[in-house]
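The values are calculated or read from the model by the stated rules, or taken from the named source; none is laboratory data. Since we're looking at a predicted model, the values are computed, not measured. In this analysis, Cβ positions are derived from the backbone assuming ideal geometry, glycine residues included, and neighbour counts consider all displayed protein chains. Keep in mind that these areas ignore ligands, DNA and RNA; they rest on the heavy atoms of the full protein, side chains included. Shrake-Rupley method; radii C 1.70, N 1.55, O 1.52, S 1.80 Å.
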Amino acid sequence: MALIEARELTKLYRMGDETVHALDGVSFSIPDRDYCAIVGPSGSGKSTLMNILGGLDTPTSGVITIAANDIGQMNDDDLAVFRNQTIGFVFQSFNLLPRLTALENVELPMIYGGVLPKERKERAAELLERVGLGQRMGHRPTQLSGGQQQRVAIARALAGQPKLILADEPTGALDTNTGVEIMALFRQLNREGATIVIVTHDHEVAAQTRRTIEMRDGHIVSDNLNEGKTRHDANV
Amino acid sequence: MMRTSDLVSSAGRALRANPMRSALTALGVIIGVASVVAMVALGSGAQAQVERSIASLGSNLLIVVPGSMRGAGGVRGQAGGFDSLTMDDAEAIAQLENVAVVAPSQRARTQVIANGLNWNPEVNGVTPDFLTARDWEIAQGRMFDETEERQARRIVVLGNTVAENLFPNMEPVGQTVRMNGGAYEVIGVLESKGQSGFMDQDDIVLAPLTTVKRRIAGRRGRGDTVSQISVKAQSEDVLDRLQEDVENVLRQRHRTREGEDDFTVQNLSSITETAAQTTQVFTYLLGGISAVSLLVGGIGIMNIMLVSVTERTREIGLRKALGARQSDILHQFGLEAVTLSVAGGIIGLVIGVAGAWGMTTLFNLPLVVSPLNAGLAIAFSGLVGVVFGAYPAWRAAKLDPIEALRRE
Ligand SMILES: Nc1ncnc2c1ncn2[C@@H]1O[C@H](COP(=O)(O)OP(=O)(O)OP(=O)(O)O)[C@@H](O)[C@H]1O
Ligand SMILES: [Mg+2]
């Protein structure tokens, strides 16, 4: 069974008399260790889909199974545990807590996972080393550049040893060069075994992944392997 | 599930992030708890004081005075009322069952001069039994005996206040004082009963009853009348029955009917009880009024917590996205509220006790702070935090993470 199995996912928003089909019968599956981009114009339903994949939202109908969890049926607290144990989020606007240091921000998911303080600190430090911020552990978000903040956020996403990393526009707030660095970090994490799904409206960014799913008006309109990418992977 | 130590440190961090705001929020509770503690301590002090001063008059004691008492009103003089008690009345009472001691006394006011100083105490003509009736001891020298009393000797026993004022640097025993132009030898000094706020029992001179009647009290004191009869019962249990007996025997002798008496029998233990109850009601009233300010403090906490939840909506959304359950968020915000209120409670307790100490010192009352009341104050402030923190914390816990993360 694939890591993500989505069958006929539908999400409706009722706005007075009008009904918005944010997702309209979306089906796909993503295997373990995949690296996948979701692209599409604004309002096509990308973020809605990501929120459902991440257990932040539930579909109006359809079945969504992630790592054998039927998350459409879970209650609020089960979803919280699911997110903590299975998902690592990376946001466009980083979403670091400004009062906490880089190290403490990375510790945050482990606090809710009940990891012991000593173990937590060691692991957070390791992760910051891994994203190249070994020298910045005691810094607060305001003392870091955008690219560095997004690296902290990625380290935080990895903290719970998640099966799936979801990134909604992770390079959207960064300049081109920094965006390239972040994408390189994702590629490396994927090579080391992480399953990653990123949302982007930038086709150049999408081209750096292995597979591109294109959405429009709540539908999947195409789902292709990126040619260059597969060849690249084959060469490695 | 979040660990307790992490909860505590995150609440502490959030409160320290806005020290001024936290301090001002706690101030509401500080003022509330401080005023409750101070008021209750003050009331309890007054209560203890009232009980103590009445008890110091003597135990198992009935005091018979001339004049009638109507209902809750004061003593009312009747025609000839002030002369209505006599030595014979005292003797008749002494024949009753359950009587330990009967001590008639005659009160007078006159200046006492000694040593170039003068003082204006109450001069009381008494029999030696007076000390037994009032549970009073001699501190220096001795009390006069029955023979000396009957012989109307010119001797006195001084109350502590009088002794200190007339003989500041001298042994009073053996000295001479002058009253009404006559010289009297000091043969003893009474043990101090202590200052009792509204009356100083030590501001007294005891002289033989006969002496006072003949030489000091003037026209009113002559003859057979006395101004007071102290009756000590053999035990607390018989006090009420003895009161009835005394009333009956005096009614017989004075030919009065109940309701038209020309005398009043005061039962000190029941007076103590009434007075204690009154001051206790007073204490509760003061405490209750102050508790309103504690309520206002609680509303302040609720207000600030609601502001805080709104400000930190994005943080709450993020925490939920990262795996915080509803209970984690509920506990985090609840703990912030309770920390504010309990910290306010502890500081308020300290300030309240200090304030009570200041006021009781000022009014010369005993300071009564029971550990139970202190504990209650802290517990109650904690409760205020729980009650007023619950709604903001619940709002935080129920936030939808997607909505919350989208908020700027
Ligand atoms: N909470 C909501 N209430 C009502 N409609 C919503 C809500 N959230 C999303 N929608 C609608 O659902 C559709 C899909 O929105 P979504 O945010 O998934 O788009 P998107 O592909 O992420 O766009 P963008 O690239 O601009 O982020 C849009 O038409 C949007 O208006
Ligand atoms: Mg979006």
**OP:** Tell me what the protein assembly as shown gives for mean residue ellipticity at 222 nm when only DSSP H runs of n ≥ 4 count, each as -39,500 (n - 2.57), the sum divided by the residue total, rounded to 500 deg cm²/dmol.
**Re:** -15500 deg cm²/dmol
Original post:
In square angstrom, rounded to the nearest 10, how much accessible surface does A:Ser29 have for a 1.4 Å probe?
Top reply: 40 Å²
**OP:** Measure nothing fancy, just the Cα-based angle from helix B:371-397's long axis to the longest principal axis of chain B, in degrees from 0 to 90, nearest 10.
**Re:** 20 degrees
Subject >> Heavy-atom accessible area order for A:Met1, B:Met179, largest first, 1.4 Å probe >> reply: A:Met1, B:Met179
Subject >> Over 22 Å [Cα-Cα, segment B:190-282], rounded percent >> reply: 54 percent
Original post:
Is the shape of chain B rounded, prolate or oblate, going by the alpha carbon gyration tensor and its root eigenvalues a ≥ b ≥ c, with a/c under 1.5 for rounded and a/b larger than b/c for prolate?
Top reply: prolate
Original post:
Which number do you get for Rg(Cα) / (2.2 N^0.38 Å) in the protein assembly as shown?
Top reply: 1.72
Subject >> Peptides ranked, highest mean first, by Cβ atoms within 10 Å: ranges B:385-391, A:108-114, A:75-81, B:250-256 >> reply: A:108-114, B:385-391, A:75-81, B:250-256
Subject >> Carbon/sulfur fraction of accessible area - segment B:83-261, other protein chains in place, 1.4 Å, % >> reply: 39 percent
**OP:** Keeping every protein chain in place, order A:Thr60, B:Thr279 by accessible area at 1.4 Å, biggest value first, i.e. largest first.
**Re:** A:Thr60, B:Thr279
Original post:
Taking a 1.4 Å probe, which of B:Trp394, B:Trp119, B:Trp136 shows the most accessible area, and what order do the others take after it?
Top reply: B:Trp394, B:Trp119, B:Trp136
Subject >> Sequence-distant residues sharing a close amide H with B:Thr264 (under 5 Å, placed H) >> reply: B:Val65, B:Gly67
Subject >> DSSP-assigned coil residues among GluC sites (Glu not before Pro) in segment B:254-324, each with at most 12 further Cβ atoms within 10 Å >> reply: B:Glu258, B:Glu260
Original post:
Counting only protein heavy atoms and rolling a 1.4 Å probe, how much accessible area do A and B lose on contact, total for both sides, in Å² to 100?
Top reply: 2400 Å²
**OP:** Using only Cα atoms, find the angle between the long axis of helix B:326-363 and the longest principal axis of chain B, and express it within 0 to 90 degrees, rounded to the nearest 10.
**Re:** 20 degrees
Subject >> Surface accessible to a 1.4 Å probe, A:Lys163 within the full protein complex, Å² >> reply: 110 Å²
Original post:
Rg to Rh for segment A:1-133: what is it, with Cα atoms only and Rh by Kirkwood?
Top reply: 1.02
**OP:** Mind grabbing the base-10 log of I(q)/I(0) for chain A at q = 0.07, 0.13 Å⁻¹? Debye formula, identical points on the C-alpha positions, no solvent, two decimal places.
**Re:** -0.22, -0.79
Original post:
Which distance in Å, rounded to a whole number, links the C-alpha centroids of segment B:135-179 and segment B:85-124?
Top reply: 14 Å
Original post:
Rolling a 1.4 angstrom probe over the protein heavy atoms, how many square angstrom per residue are accessible across the protein assembly as shown?
Top reply: 46 Å²
Original post:
What is chain A's relative contact order, in percent, from Cα pairs under 8 angstrom and six or more apart in sequence?
Top reply: 27 percent
Original post:
Ignoring ligands and nucleic acids, what accessible area does A:Ser61 show with a 1.4 Å probe (Å², nearest 10)?
Top reply: 50 Å²
Original post:
What are the principal axis extents of the Cα atoms in segment B:83-261, in Å, biggest first?
Top reply: 52, 35, 33
Subject >> Highest-MSF residue in chain A out of A:Pro141, A:Pro59, A:Pro98 [GNM, Cα springs under 10 Å] >> reply: A:Pro98
Subject >> Per-peptide average of other Cβ atoms within 10 Å, ordering A:212-219, B:29-36 highest first >> reply: B:29-36, A:212-219
Original post:
Given labels modelled 7 Å from the Cα in the Cβ direction, how far is it in nm from B:Ala23 to B:Ala183?
Top reply: 7.2 nm
